[in-house]
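A short write-up of the structure that comes next.
The values are calculated or read from the model by the stated rules, or taken from the named source; none is laboratory data. The shown structure was predicted, so the numbers you read here are calculated from the model rather than taken from an experiment. Virtual Cβ from ideal backbone geometry, glycine too; neighbours counted across all protein chains shown. Calculation scope for accessible area: heavy atoms of the full protein, side chains included, ligands and nucleic acids excluded. Shrake-Rupley method; radii C 1.70, N 1.55, O 1.52, S 1.80 Å.
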Amino acid sequence: MIVLDTAKSLQDHVRARKAEGKTIVLVPTMGALHEGHIALVKAGLARNAHVIVSIFVNPTQFGPSEDLSSYPRTFEADRTKVTAAGGHAIYSPAADQIYPPGFCTTIRLEGPASVGLEDKFRPTHFQGVATVVAKLFAQSRADFATFGEKDYQQLQVVTRLSRDLDLGTQIIPVPTLRESDGLALSSRNVYLSKADRAIAPTLHIALQATAEAIRAGRSVASAVLEGSSAIKAAGFALDYLEARHASSLDPVASLSDGPIRLLVAAKIGKTRLIDNIAV
Ligand code: AMP
């Protein structure tokens, strides 16, 4: 397993692989890897590509009261998992490789980054995501990058970002990997107490029930209201449960405004969970 820790070493590595005719797939992560991340690696390998996993806990996408300092950092375990999955290299830059002294440039986002979902509760989040993603694409010149549907708004934001700015890296979406009880895999699931973990699958169950009700002809508004009540009754503090257009993320009133995506964010104990499904 090759571990690259400078932008220069990444650039040299990619240039050499491209000279051999290889397609490059980048898998951007913040580490604490689980099977969901490995699904992104496998999606790259399925394209017969050279797969580089980036591991960088990006400070600019955390708000001041969020979990930057406590975010799990498990580099040795991550390296073992990427190796076992058949990934080819890890890019694990120090902060100054992404944010050199004097760094002062950001990207202004609109469209799916400004629709009142995650952006409402984490106002600086997508600017941080877009900045690091643009840097990683520029440094790697990857042909493709895999992103999970788990972070659905992020997936729409980076898809637009790459297209709008001609970054040259095409986004490959990968379906959400779940525990057998439906809980979406997440690096933050380690924060869940035993009691919270028992309640956590309620989110996915409520999403499924809401989608089913809409498909069966219930109005979007009443199905979402009932789903919201079920999530709160289970003990969650609900940030949002919303039905949105699957690509613009604009509000929808009925199936005819679709395709519809249901998106949810809620806190159980100290852990904030997000999830989403197609209707
Ligand atoms: P993170 O390390 O949490 O920033 O996530 C890195 C990438 O892994 C993002 O593209 C996420 O959407 C993706 N990801 C996280 N959890 C899952 C999951 N359960 N299934 C599929 N992809 C995931």
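Restricting to the stretch 138-157, name every residue that is in contact with a Phe, Trp or Tyr (Cβ under 6 Å, 6 or more places away or on another chain) and either near the ligand (Cβ under 10 Å from one of its atoms) or assigned by TED's automatic domain parsing to the domain that holds TYR240 (or both).
Step one: list which residues in the stretch 138-157 are in contact with a Phe, Trp or Tyr (Cβ under 6 Å, 6 or more places away or on another chain), which gives 155, 157.
Hit for the stretch 138-157 is LEU155, nothing else.
Of the residues ALA43, ALA77, ALA85, which single one is more than 16 Å from LEU136 (Cα to Cα) and under 16 Å from the mean Cα position of the chain (by Cα)?
Values: ALA77 fails: under 16 Å from the mean Cα position of the chain (by Cα); ALA85 fails: under 16 Å from the mean Cα position of the chain (by Cα).
That would be ALA43, the only listed residue that is more than 16 Å from LEU136 (Cα to Cα) and under 16 Å from the mean Cα position of the chain (by Cα).
Go through the stretch 5-50 and count every residue that is among the aliphatic types (A, V, I, L, M), in contact with a helix residue (DSSP H, G or I) (Cβ under 8 Å, 6 or more places away or on another chain) and within 16 Å of the ligand (Cβ to nearest atom).
Step one: filter the stretch 5-50 for residues among the aliphatic types (A, V, I, L, M), giving 7, 10, 14, 16, 19, 24-27, 30, 32-33, 38-41, 43, 45-46, 49.
If we keep only those that are in contact with a helix residue (DSSP H, G or I) (Cβ under 8 Å, 6 or more places away or on another chain) as well, we get 7, 10, 14, 24-27, 30, 32-33, 38, 41, 45.
Those still in the list that are within 16 Å of the ligand (Cβ to nearest atom) too: 25-27, 30, 32-33, 38, 41, 45.
Total satisfying the criteria: 9.
What tally of residues in the stretch 97-108 results from selecting those that are surrounded by 18 or more Cβ atoms within 10 Å (Cβ to Cβ) and of a type in the set (A, V, I, L, M, F, W, C)?
Total satisfying the criteria: 1.
Assess whether GLU149 counts as being open to solvent by less than 30 Å² (accessible area, probe 1.4 Å) and either at pLDDT 95 or above or under 15 Å from the mean Cα position of the chain (by Cα) (or both). Reasoning before the result, please.
Working: open to solvent by less than 30 Å² (accessible area, probe 1.4 Å): no; either at pLDDT 95 or above or under 15 Å from the mean Cα position of the chain (by Cα) (or both): yes.
The answer is no for GLU149.
Within the stretch 64-96, restricting attention to residues that are assigned to a loop (DSSP other than H, G, I, E, B) and among the hydrophobic types (A, V, I, L, M, F, W, C), which residue is surrounded by the most Cβ atoms within 10 Å (Cβ to Cβ)? Don't jump to the end; show me each part of the working.
Of all residues in the stretch 64-96, those assigned to a loop (DSSP other than H, G, I, E, B) come to 64-74, 86-88, 92-94.
Checking the rest, the ones that are also among the hydrophobic types (A, V, I, L, M, F, W, C) come to 68, 94.
Values: LEU68: 14, ALA94: 10.
Result: LEU68.
List the pairs whose first member sits in the stretch 231-249 and is part of a loop (DSSP other than H, G, I, E, B), whose second member is at pLDDT 95 or above and among the hydroxyl-bearing types (Ser, Thr, Tyr), and whose Cβ atoms are under 8 Å apart, counting only residues at least 6 apart or on separate chains?
Within 8 Å, the pairs are ALA234/THR202; PHE236/THR202.
Considering only the stretch 1-60, give the strands (runs of 3 or more DSSP E) lying wholly within it that have at least 3 residues that are open to solvent by less than 20 Å² (accessible area, probe 1.4 Å) and touching a residue at least 12 places away in the same chain (Cβ under 8 Å).
Numbers: elements: 2-4, 24-29, 50-55.
Because the criterion is at least 3 residues that are open to solvent by less than 20 Å² (accessible area, probe 1.4 Å) and touching a residue at least 12 places away in the same chain (Cβ under 8 Å), the strands (runs of 3 or more DSSP E) in the stretch 1-60 that meet it are 24-29, 50-55.
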